[in-house]
Every structure is written in structure tokens, then in C-alpha cells.
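The values are calculated or read from the model by the stated rules, or taken from the named source; none is laboratory data. Remember, predicted model here, so these are calculated numbers, not experimental data. As a convention, Cβ positions derive from the backbone with ideal geometry for all residues, glycine included, and neighbour counts pool all protein chains shown. We work out accessible area using only protein heavy atoms, side chains counted, and drop any ligands, DNA or RNA first. Shrake-Rupley method; radii C 1.70, N 1.55, O 1.52, S 1.80 Å.
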Amino acid sequence: MNRINVGIIGVSGYTGLELVKMLISHPTFNLAYCANTEGDTTVAELHPSLVGVVDLSVDKVDLDRAAQLCELIFLALPHKTAMQTAKGLLERGIKVVDLSADYRLSAENYEVAYCEHEDLSNLSHAIYSIPELHGNAAKGARLIANPGCHVTASLMALAPFLDYIDLSSPIFIDSKTGVSGAGKSPSATVHYVSVNDNINCYNIIKHRHATEIEQHASSLCNESVNVTFVPSLVPMTRGMLACVYATLKSDCDPLATMHSFYENKSFVRVRTAPPHTKMTSGTNFADVYATRHGNALVAMCAIDNLMRGASSQALVNANIMMGLDEALGIPRISYVP
């Protein structure tokens, strides 16, 4: 098979690093272009762990050059900047996998949660894809909206039970994330002395991912789904554990339901006990578990927030987009211990 040239715009951050690590050993994709807002550096200078491994220059973003070199571009950029860049790439005939929030929501929901949307024409055909929930929707797409990390974990815990839970009763989601989810830029809230030996909730109820969870859960079951979402920052580098609490309206065996729902889904592992985040660290696995107490359901999902919550899921979606086996180049061995 001929190699497919791909690029990364926004290579400086943690998700950019994870994309580089996977793409340099991908059997079909060839990493041909890396860029950030400044350029004039190399991947190894940005990410010293790759010295002696990757010898690639990092350019200042140039959409014409990106289009000359690549068939597909991964965007690891902040919201708003991503849609401005994606629009230019799509005009040049380049496929885009966007890791930002810019194409994940309806225009109405996006503008309430973020800012005015500047690319409504492309928003209308963007494909939102968690492969286990949306199948091969990404195949042949021009633009993929890669889901958020909290949303991926929350929906993968919740989705198997949408037909069984009482949607008129409260649904609570408690999602804990490692500090890398806050990005690479330092701030007071992620300073070592703020995070070490500490745990804190942030953006309770009003977190932007709550809107994304509600929109896409509602789409999956064709009914209105409302959640109360509480994210927490915990003192670990990477990992995420989302716990969903809901009320059952009909009888089900929670683990049997999960096994049936995720049958033959190679990147989902149904556990017989609550999963640990370390089990999925560095991989695309989503480890799920569920139990009940009477009509009270507890469902959970552990993922690596940088991988399944961002970069490896983006690569799975890119594989599907280009008609490849979804598992190509996707890590399966966790960082343990």
C-alpha cells in the first residue's frame, strides 16, 4: 500500500507529542509536516524525550505548504484557532482530524459554551466519532470532530444503559482527570504545590463538556438527556475515570449489558471489578465496569485522557477515515508500573 503523508499543526503540546510518537511508527501514515505558531525549531527540541528518535523540523504554520505535503492534517490547536485553520485546509482539499472543540457541537450549543462559530459551512458536515458508539461514520469524511476526553469516558460508561435508565431522573457524572488534561502551559491551578497531595472539583455543572455529553447522548438515544457533570483534578499526570450514577427504569444485568453492547469492540475491555486508570495508561483502551444497587446504577470508564481522550482516538478516526484497519499504529501495552 502506498504511504499517506500526514501532518500535525499544534505539535508543541502533550497531544501533539502523543501523535508524533504513534505516527513515526505507523505502517501507512508518513509524518511529513509538523508546525506550530512560531516554527524555527525541531520536534526533538520541543520534546527532548524524542532526541535521537525523531529528526523533523517544525515550521511556522503555512497552509499552502501543508497542502503541498499532506493528504491529512491533525489539528492539536485551541478552540477558535482550530476552526480558522481547518477552514483553510479544507478549502485546499486536505482532510482534517480536529482535536479541539470547534466542530463537536451544534452551532447553538457551541456559541453558548465557547464563542461565535466562524465556519458554519464545515460544521454542517463534520463527523463526530467515538468509533464504538458511531461505527464507521468517519469513513470517507473530510472533517472529523474528535470528542473530548471527559465526554469519551462519560459516554462510554453511559451509552450501554440509555435504553434502561429513567431519563427523567437525575443523572450524575463524576469524572476525575490527571493534570496533563489542563495542557502544557503553566498556571496557578496546576502548579505542583496546588496539585500535590490535593484533589479539587472545578467548573462544577457548568463545564463545557457537560453540553457535549448531553448533545451526543441525546443523539444516541433520540431522547433528551440531561446530566449533572462534576469534574475533578487529581494528583496524577495522566488518566481519567468517569463514574455515572443513574436510576434504572427496567431490569438489566449491568455487566452482561456492557458485554453485549461492546461485543467485538477490540479497544473496550469489560472488567469484572472497577478499573484503575493505570490499566489504560499509554493506550487506546477504554476499561468499563458497571453494577447496581436496587434500581441505582453505577457505570464507569477508565481511559488515558491524552490517548483515548485525544490523540489515539484521533488516529483511530483517521484510520477509519482513510479506509484503513482502525487498529493500525494504535498502542495496546499500558505504562505499568
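Here are the numbers for the structure shown:
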| item | result |
| --- | --- |
| Identity of the residue in the range 105-142, of a type in the set (Val, Ile, Thr) and touching a Ser or Thr at 6+ places or on another chain (Cβ under 9 Å), that ends up surrounded by the most Cβ atoms within 10 Å (Cβ to Cβ) | ILE130 |
| First in the range 277-291 and over 19 Å from ASP253 (Cβ atoms) and touching a residue at least 40 places away in the same chain (Cβ under 8 Å), second anywhere and open to solvent by 10 Å² or more (accessible area, probe 1.4 Å) and part of a strand (DSSP E or B), Cβ under 6 Å, 6 or more apart | THR277/LEU241; PHE285/ARG269; ALA286/VAL268 |
| LEU56 vs. criteria farther than 28 Å from SER121 by Cβ and touching a Leu at 6+ places or on another chain (Cβ under 9 Å) | yes |
| Residue tally, condition assigned to a strand (DSSP E or B) and crowded, with 22+ Cβ neighbours inside 10 Å, over the range 1-33 | 7 |
| Pick from the range 216-239, criterion within 20 Å of ALA286 (Cβ to Cβ) and in a helix (DSSP H, G or I), ranking: most open to solvent (accessible area, probe 1.4 Å) | SER219 |
| Selection status of TYR245, open to solvent by 60 Å² or more (accessible area, probe 1.4 Å), within 18 Å of LEU155 (Cβ to Cβ) and touching a residue at least 24 places away in the same chain (Cβ under 8 Å) | yes |
| Single match in LEU324, LEU255, LEU315, LEU328 (criterion: of a type outside the set (Ser, Thr, Tyr) and open to solvent by less than 10 Å² (accessible area, probe 1.4 Å)) | LEU315 |
| Residue in the range 286-300 that is of a type outside the set (Val, Ile, Thr), crowded, with 22+ Cβ neighbours inside 10 Å and not in a strand (DSSP E or B) present | no |
